[in-house]
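Written out below as structure tokens is the structure these notes cover.
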């Protein structure tokens with residue numbers, strides 16, 4: 001079983017909002033004092049791959065795309081138990097949209113060659129789009145099941161529980177296929193000390209656009225079809241009306257009165 | 001090159017009925033179509049659904065494209081993408097609106113890649129640029145820490161809309177619309193996936209997505225027992241209990257009540273956040289609430305920047321008094 005997991009390096013979604021700034025001139029986000037992390041949903045995808053490997057055996061290759069990627073971040077899946085790491089690392093890869101990103105990843109997956117299963121997070125915590133997985137499947141011409149909460153693999157089929165509004169549906173999909181993973185799959189495991197030591201020794205394979213047979217104008221900023229017209233932080237009203245009180249209890253009771261006064265309740 | 005014209009809305013169905021977001025899509029779709037001086041179309045795909053066409057007309061559709069075929073009884077990616085590709089090649093709309101639901105999340109990106117166009121997911125605001133006449137697509141990014149306005153270079157300009165972000169029109173039974181049938185033209189053999197089972201999960205009480213009032217707790221609640229107190233308030237207000245991520249991670253409450261980036265996105269009338277600091281990961285799930293009410297011991301907590309009303313203090317002292325007072329007020 002050859003599994004490929006696509007993982008994005010993102011700004012930490014749990015970081016305090018005060019560390020978050022937007023540079024209006026470039027429409028880019030600057031983080032102050034909070035290091036990047038691997039995308040939370042990507043981490044669930046890694047967990048899903050490790051569960052499958054535990055029963056099926058095989059190899060897990062993770063692919064990340066960007067420039068100046070932090071090794072301790074993109075190596076986290078290796079520390080959790082993945083086997084190999086491919087980095088699409090070059091300045092031309094950055095600034096892309098769903099199209100240019102899915103295209104570069106799909107071409108890299110073709111170069112990896114042997115794959116039974118491609119896993120992605122259901123969406124990334126920065127763009128909140130959820131298009132990379134379906135996009136890769138469309139480009140490669142393989143089926144895709146989104147929002148997986150459980151994946152069971154037998155020889156050439158995956159049985160996937162897919163999250164729906166009222167519960168879940170059980171879907172059989174032939175391999176190779178793309179599956180996007182939701183948080184219901186279960187908490188990602190922590191890297192072990194042994195895992196961290198092993199990850200240190202694994203050298204990532206780095207592919208430039210020419211290595212995966214793509215022209216620079218197809219990827220990153222140049223390859224995008226969506227334009228960002230404006231990126232801004234909504235101005236919060238900051239008009240919270242506080243219920244006063246001599247004691248917390250009094251504040252609690254006054255809060256209820258305030259809500260009644262304002263006809264919220 | 002085809003000329004792209006008009007606004008189309010993919011109207012999602014469940015159990016033979018329009019889902020509410022379909023009417024919301026038609027509501028914003030009508031406004032955009034009026035701004036462009038063009039028509040609004042509804043697209044209905046399913047089995048035995050001809051009775052629903054007129055309903056989409058009452059919500060504003062000028063034309064209804066109906067694809068009715070037994071093979072389309074259940075949503076399956078392969079068949080629905082193929083059908084929508086066929087429909088869109090026929091009607092070539094300038095704008096296509098879908099809902100950000102479990103179906104929309106699956107269908108929209110696949111269809112966009114198939115049509116070699118783009119889609120912006122989870123939009124909360126849509127408008128026509130007065131100069132370029134292109135669609136301005138506003139969506140929260142970075143877990144709601146920022147909003148981005150996107151435009152697309154290609155047609156159709158596809159978007160999904162967030163639940164309850166757009167307002168439906170009042171249904172008007174006197175409206176007239178044209179109904180056009182389109183053959184599905186799908187072979188069973190082209191569907192690569194197979195639905196084995198569909199499981200409805202029973203939820204005790206009101207579903208968190210449907211509740212008008214949600215009482216949610218954070219890390220500071222500290223135990224499953226603590227959530228019992230939140231439950232009491234929720235019951236009183238006929239609402240549901242939710243949580244930020246840490247209580248779910250700690251197993252105090254089930255994962256299904258998680259609100260935030262890695263959980264549910266909700267927009268109730270009243271959201272009462274107890275001992276929740278308000279990380280962007282959490283706020284991305286509740287920032288659409290009409291009234292956020294926060295109880296937190298830290299007056300500087302980020303949640304108060306989003307809240308309309310708040311009380312500062314240890315929730316263990318504030319909440320019982322708050323609940324007691326509400327009981328009194330409701331009884332009066």
- The one condition in (1) more than 8 Å from chain A (Cβ to nearest Cβ); (2) under 22 Å from the mean Cα position of the chain (by Cα); (3) free of Cβ contacts under 8 Å to residues at least 40 places away in the same chain that residue B:132 fails to fulfil: (2)
- Regarding residue B:192, is this residue farther than 16 Å from residue A:225 by Cβ, in a helix (DSSP H, G or I) and at the interface with chain A (Cβ under 7 Å from one of its Cβ atoms)? no
- Out of all the residues in segment B:293-332, which are crowded, with 24+ Cβ neighbours inside 10 Å and more than 8 Å from chain A (Cβ to nearest Cβ)? B:296, B:303, B:315
- Query: So residue A:187 clears everything in (1) under 24 Å from residue A:10 (Cβ atoms); (2) buried (at least 20 other Cβ atoms within 10 Å of the Cβ); (3) within 7 Å of another protein chain (Cβ to nearest Cβ) except one condition, right? Which one?
  - Reply: (2)
- Message: For segment A:88-130, give me each residue that is under 16 Å from residue A:60 (Cβ atoms) and surrounded by fewer than 21 Cβ atoms within 10 Å (Cβ to Cβ).
- Response: A:112, A:113, A:114, A:115, A:116
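Kindly indicate the residue of segment A:134-145 that is touching a helix residue (DSSP H, G or I) at 6+ places or on another chain (Cβ under 9 Å) and not in a helix (DSSP H, G or I) and also nearest to the other protein chains (Cβ to nearest Cβ) among those meeting that condition. Walk me through it before giving the result.
From segment A:134-145, those touching a helix residue (DSSP H, G or I) at 6+ places or on another chain (Cβ under 9 Å) are A:134-140, A:142-145; that's our starting set.
Keeping just the survivors that are not in a helix (DSSP H, G or I) gives A:142-145.
Numbers: A:142: 9, A:143: 4, A:144: 7, A:145: 7 Å.
Here the answer is A:143.
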- Task: Answer with yes or no whether residue B:284 is more than 17 Å from residue A:264 (Cα to Cα) and assigned to a loop (DSSP other than H, G, I, E, B).
- Result: no
- Message: Quick check on segment B:58-65. Is at least one of its residues out of contact with any strand residue (DSSP E or B) (no Cβ under 9 Å at 6 or more places or on another chain) and modelled with pLDDT of 95 or more?
- Response: yes
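Criterion first (modelled with pLDDT of 95 or more and within 24 Å of residue B:260 (Cβ to Cβ)) does residue A:59 satisfy it?
In short, no.
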- Taking segment A:194-240 as the region of interest, how many residues are assigned to a helix (DSSP H, G or I) and within 12 Å of residue A:78 (Cα to Cα)? 8
- Item | Hits in segment B:259-285 - residues which are under 25 Å from residue B:200 (Cβ atoms), buried (at least 21 other Cβ atoms within 10 Å of the Cβ) and touching a residue at least 24 places away in the same chain (Cβ under 8 Å) | B:259, B:260, B:265, B:266, B:268, B:285
- Item | Number of positions in segment B:265-281 that are touching a helix residue (DSSP H, G or I) at 6+ places or on another chain (Cβ under 6 Å) and either under 18 Å from residue B:202 (Cα atoms) or at pLDDT 95 or above (or both) | 5
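Tell me the residue from A:255, A:231 that is touching a residue at least 12 places away in the same chain (Cβ under 8 Å), buried (at least 20 other Cβ atoms within 10 Å of the Cβ) and facing chain B (nearest Cβ under 7 Å), please.
Exactly one of A:255, A:231 is touching a residue at least 12 places away in the same chain (Cβ under 8 Å), buried (at least 20 other Cβ atoms within 10 Å of the Cβ) and facing chain B (nearest Cβ under 7 Å), namely A:255.
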- Task: For residue A:210, state whether it is more than 26 Å from residue B:287 (Cα to Cα), over 26 Å from the mean Cα position of the chain (by Cα) and surrounded by fewer than 18 Cβ atoms within 10 Å (Cβ to Cβ).
- Result: no
- Quick one: in segment B:195-211, which of the residues that are more than 11 Å from every other protein chain (Cβ to nearest Cβ) and surrounded by 13 or more Cβ atoms within 10 Å (Cβ to Cβ) is modelled with the lowest pLDDT? B:205
- Within segment B:254-281, how many residues are assigned to a loop (DSSP other than H, G, I, E, B) and farther than 29 Å from residue A:148 by Cβ? 4
- From A:199, A:129, A:148, grab the single residue that is away from chain B (no Cβ under 11 Å) and under 15 Å from the mean Cα position of the chain (by Cα). A:148
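The values are calculated or read from the model by the stated rules, or taken from the named source; none is laboratory data. What you see is a predicted model, and the numbers here were worked out from it, not measured in a lab. Note: ideal-geometry Cβ built from the backbone for every residue, glycine included; neighbour counts use all protein chains shown.
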